[in-house]
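Only the coordinates and a few stated rules stand behind these numbers; no lab work does. Source: prediction; values computed, not measured. Cβ coordinates were reconstructed from backbone atoms using ideal geometry, including for glycine residues, and neighbour counts include every protein chain displayed.
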Amino acid sequence: MIAPSLLSADFSDLRREFSWLNQSSADWLHLDVMDGVFVPNISFGFPVLKHVARLSDKPLDVHLMIVQPEKFVREVKDLGAHVMNVHFEACTHLHRVVYMIREAGMLAGVTLNPATPVSVLRDIICDVDLVLLMSVNPGFGGQKFIPHTLTKVAELRDLINQSGSKALIEVDGGVNLETGAQLRKAGADVLVAGNYIFGASDPLEACRLLSAL
C-alpha cells in the first residue's frame, strides 16, 4: 500500500493537490503532526487537519510526532482517522495508549525512531495493528534514506511471523522507486512517500509506479 505524506504538499493550493490525490492509486493519506518538542519542528494541528479531512477521499493515517499523544485520541478519532500512529519513545505506558486507540475504533500503530531496536516491541507486537519504522530521523521531509532500515524491516517481519501477529509494516522517510523496491523485498507492507510523489512532474504516475512495486 502507498501513503503519500501531506507534509510535502503545496499548502498554498491544497484543493489542487487533492484534485489529483483523490484520483490516485494511493491507499491512505499520511499526516505528520509535529509539536516542536518531541521533534525539532512544528507542522500542523487539528484546526488545519479538520479542513484536510473534509478534502480527502483517502483514509487518514495520522502520525503523531508529539509528547503525550494519548491526550489527543479523541481529536484524531474526530477527524475520521483510520490509523493513529504514536511513537514508542513518547509513550510511558504504551500498552494503555494502544488500547485507547483501538477502543476509539482506529487501527493502533506504534512508530520506532531509527535508533530504536525492533526488539522493544516483543511484548506488544500482538496488540498492535501496524508498526511504522522511521527510515529518517523524524522532524523534516526530504531526508536521505537510512540503509539499516532494510535490516530492521527484515527483523520486524521475523518477529511478526514468529509471534503470530497480524501487524502491518509501514516505512516512512526517503522512499522512492529504488528504496521502495528494496523495502518491499525486505517485507514492508505500506510505503509513505512525500517528496517523491508531491515533487514529481506527474504525481499520479509517481503513485502508480510506487503502487506497482
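Quick look at the values:
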| read-out | value |
| --- | --- |
| Relative contact order computed over segment 2-211 (Cα-Cα under 8 Å; 6+ residues apart), in percent | 21 percent |
| Sequence of GLU103, GLU155 once ranked by neighbouring C-beta atoms within 10 Å, starting from the fewest | GLU103, GLU155 |
| Cα-based shape type of the chain, given that a ≥ b ≥ c are square roots of the gyration tensor eigenvalues and the cut on a/c is 1.5 | oblate |
| With at most 15 other Cβ atoms within 10 Å, longest stretch of the chain clear of loop trypsin sites (Lys or Arg not before Pro) (DSSP) | 1-121 |
| C-alpha center-to-center spacing [segment 20-41, segment 72-131] in angstrom | 16 Å |
| Sorted by Cβ neighbour density within 10 Å, fewest at the top, the residues CYS91, CYS207, CYS126 | CYS126, CYS91, CYS207 |
| Proxy reagent accessibility, fewest Cβ within 10 Å first, across HIS30, HIS87 | HIS87, HIS30 |
| Net dipole in debye of the chain [+1 Lys, Arg Cβ; -1 Asp, Glu Cβ; about Cα centre; nearest 20] | 140 debye |
| Non-local Lys pairs in segment 2-211, i.e. 8 or more apart or on different chains, that have alpha carbons under 30 Å apart | 19 |
| Value at 222 nm in deg cm²/dmol, rounded to 500, when DSSP H runs of n ≥ 4 in the chain each add -39,500 (n - 2.57) | -9500 deg cm²/dmol |
| Sites ASP158 and TRP20, calculated FRET efficiency, Cβ-Cβ separation with R0 30 Å, nearest 0.05 | 0.20 |
| Percent RCO, i.e. relative contact order, over segment 52-101, from Cα pairs under 8 Å lying at least 6 residues apart | 41 percent |
| Projected label distance in nm at LEU213 and SER201, using a 7 Å step from Cα toward the beta-carbon | 2.2 nm |
| Segment 98-191 shape via C-alpha gyration tensor axes, a/c threshold 1.5 | prolate |
| Extension gain from ALA104 to ARG74, taking 0.36 nm per residue of separation minus the Cα-Cα distance | 10.1 nm |
